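The values are calculated or read from the model by the stated rules, or taken from the named source; none is laboratory data. This is a predicted model, so every value here is computed, not measured. No Cβ is skipped: glycine too gets one built from the backbone with ideal geometry, and neighbour counts run over all protein chains shown. Only protein heavy atoms, including side chains, enter the accessible area calculation; ligands, DNA and RNA are left aside. Shrake-Rupley method; radii C 1.70, N 1.55, O 1.52, S 1.80 Å.
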Amino acid sequence: MENKRIEAVVFDLDGVITDTAHFHYLAWKKMAEELNIFIDEEFNERLKGVSRMDSLELILQEGNRQNDFSLAQKEEMAAKKNAHYCEFLKELTPDDILPGIPELIAAIKEEGLPIGLASVSKNAGTVLKALQLEEAFDYVADAAKISKSKPDPEIFLTACKGLGAEPEFSIGIEDAQAGIEAIKASGMFAVAVGRNLVNADYKVDRTAELQWGKIKAEY
Ligand code: B16
Ligand code: MG
């Protein structure tokens, strides 16, 4: 049988390209503690791939304070978290690109396939710049124009459209369960990176194990 064609590869950012997922966690933790809400890394798994305001709602629910604040107060809290997060981003350099990612990007490019980014983070541009990876992506979906967080497929569908690729013939790479669900809902082939993730078409434990030859063999 002839191999199914591949039209594009779309990456998640936080947790796949670099470990900013940890910075998001530390920033939320700091903000939440000011409200006497305490979150741990296990809870943080639920925030991965979830937009800033939706993440705040989940944290307020966790502290049973979901009805205590006005929209203006919530926006202030979200801005505070983002300020903490941006402080961490100042430290980011190309050395923070996760192992295996430069080689994977190079191998995909060598085949002439377009590469996209599907991050719901409004800081994605800043992160790519700090990592000196802006040139690596042929299309970066604009999080500001996305109305639904992962697990909704909107961001992955937008990335495929921007690359001129059919989702059915495209591959998505994610480290969050919500992201895997978003890839599957878009009709793409889902590659998962990390432990405790389900429903992916192919799974590795860490980015260093992401090899283009192996992904293609599973596709
Ligand atoms: P920001 P991804 C997501 O990025 C993060 O996983 C999530 O934790 C964060 O809340 C969200 O971006 C919004 O980020 O506050 O920077 O707009 O996983 O889709 O790359
Ligand atoms: Mg992620």
Of the heavy-atom accessible surface of the chain (probe 1.4 angstrom), what whole percent is carbon and sulfur? 47
Would you mind getting the accessible area per residue of segment 176-218, heavy atoms of the protein chains only, 1.4 Å probe, in Å²? 45
Cα gyration tensor shape for the chain, rounded if a/c is under 1.5, else prolate or oblate: prolate
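May I ask you to give the solvent-accessible area per residue for segment 100-148, in square angstrom, as obtained with a 1.4 angstrom probe?
51
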Cα gyration tensor of segment 21-89, axes a ≥ b ≥ c as square roots of the eigenvalues: rounded (a/c below 1.5), prolate (a/b > b/c) or oblate? oblate
Classified through the alpha carbon gyration tensor (a ≥ b ≥ c as square roots of its eigenvalues; rounded if a/c is under 1.5, else prolate when a/b is larger than b/c, else oblate), segment 28-134 comes out prolate
Of all trypsin sites (Lys or Arg not before Pro) in segment 65-157, the ones in DSSP coil with at most 11 other Cβ atoms within 10 Å are Lys90
Just for the chain, what percent of DSSP beta bridges are antiparallel, to the closest 5? 5
Using the Karplus curve 6.51 cos²θ - 1.76 cosθ + 1.60 with θ = phi - 60°, work out ³J(HN,Hα) for each residue of segment 119-133 in order, rounded to whole Hz, and write x for Gly and Pro. 10, 7, 7, 6, 9, 4, x, 5, 5, 4, 5, 4, 8, 6, 10
Excluding residues fewer than 8 places away in the same chain, name every one of the lysines whose C-alpha is closer than 29 Å to that of Lys81. Lys29, Lys30, Lys48, Lys90, Lys122, Lys129, Lys145, Lys148, Lys150
Gap in Å between the Cα centre of segment 137-208 and the Cα centre of segment 52-68? 26
Compute the accessible area per residue over segment 21-89, keeping the other protein chains in place, probe 1.4 Å, unit Å². 55
